[in-house]
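The values are calculated or read from the model by the stated rules, or taken from the named source; none is laboratory data. For clarity, every value in this text was computed on a predicted model and none was experimentally measured. In this analysis, Cβ positions are derived from the backbone assuming ideal geometry, glycine residues included, and neighbour counts consider all displayed protein chains. Only protein heavy atoms, including side chains, enter the accessible area calculation; ligands, DNA and RNA are left aside. Shrake-Rupley method; radii C 1.70, N 1.55, O 1.52, S 1.80 Å.
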Amino acid sequence: MAKGHYFHQDLLVARRIFINNPNVHIDVGSRFDGFVTHVASFRNIKVLDIRPLSIDISNISFIQCDLMSPLPEEMIESTDSLSCLHALEHFGLGRYGDPINYNGHLLGLNNLYSLLKPKGRLYLSVPIGADRIEFNAHRVFSIEYLLKLFDKKYCIEHFSYIDDAGDLHENVAVTETSINNYECTFGCGVLR
């Protein structure tokens with residue numbers, strides 16, 4: 001069925017990367033058998049993940065890396081295009097072998113920022129709804145909290161979301177009226 005968070009976000013962001021044609025695209029923790037392979041079908045992609053991965057797939061290179069730890073110097077400002085789809089919400093909750101750290105998502109978001117060259121693009125998706133942690137599965141972020149996290153570091157050019165029924169709403173305005181989380185309990189916000 002053509003619905004749901006992963007279906008819509010994977011196609012939406014892969015399409016935007018195709019259109020923008022960056023010099024280097026790095027992905028952090030996104031779904032390998034969806035988004036990563038979509039992108040690998042038309043370009044090279046570097047994948048960073050805390051989980052070990054043994055692969056030999058054309059157009060995909062892999063580096064095992066914990067985005068809650070300090071980045072190696074050679075990774076700072078190493079890309080003009082970066083994705084982290086449905087992954088940041090897990091940082092620091094231990095679900096994927098990462099150390100428990102309540103602020104794991106903040107450490108991860110800061111490291112994502114550090115990976116980007118000036119004026120680079122971040123494609124990020126996270127669950128949206130009322131702020132909460134569903135231990136040890138994931139966090140859910142309110143739009144209000146996301147806006148605070150992005151303030152002074154990122155400029156939101158596009159915001160789309162997948163509602164609780166699994167339907168995509170593309171390029172919607174992020175305004176004071178969106179503070180109701182677009183009436184989502186467990187939706188998915190896709191920011192760029």
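Kindly evaluate ASN59 against the criterion of being of a type in the set (S, T, N, Q), within 26 Å of SER160 (Cα to Cα) and over 14 Å from the mean Cα position of the chain (by Cα). It is false that ASN59 is of a type in the set (S, T, N, Q), within 26 Å of SER160 (Cα to Cα) and over 14 Å from the mean Cα position of the chain (by Cα).
When each of PHE18, PHE32 is tested for being among the aromatic types (Phe, Trp, Tyr), open to solvent by 80 Å² or more (accessible area, probe 1.4 Å) and without any contact (Cβ under 8 Å) to a residue 60 or more places away in the chain, the lone residue that passes is PHE18.
Only one of the listed residues (VAL13, VAL47) is at negative phi, in contact (Cβ under 8 Å) with a residue 60 or more places away in the chain, open to solvent by less than 70 Å² (accessible area, probe 1.4 Å) and aliphatic (A, V, I, L, M). That residue is VAL13. For the range 66-83, the set of residues classified as surrounded by fewer than 18 Cβ atoms within 10 Å (Cβ to Cβ) and either in contact with a strand residue (DSSP E or B) (Cβ under 8 Å, 6 or more places away or on another chain) or aromatic (Phe, Trp, Tyr) (or both) consists of GLU77, ASP80, listed by residue number.
Of all residues in the range 31-62, those being at pLDDT 95 or above and of a type in the set (Val, Ile, Thr) number 6.
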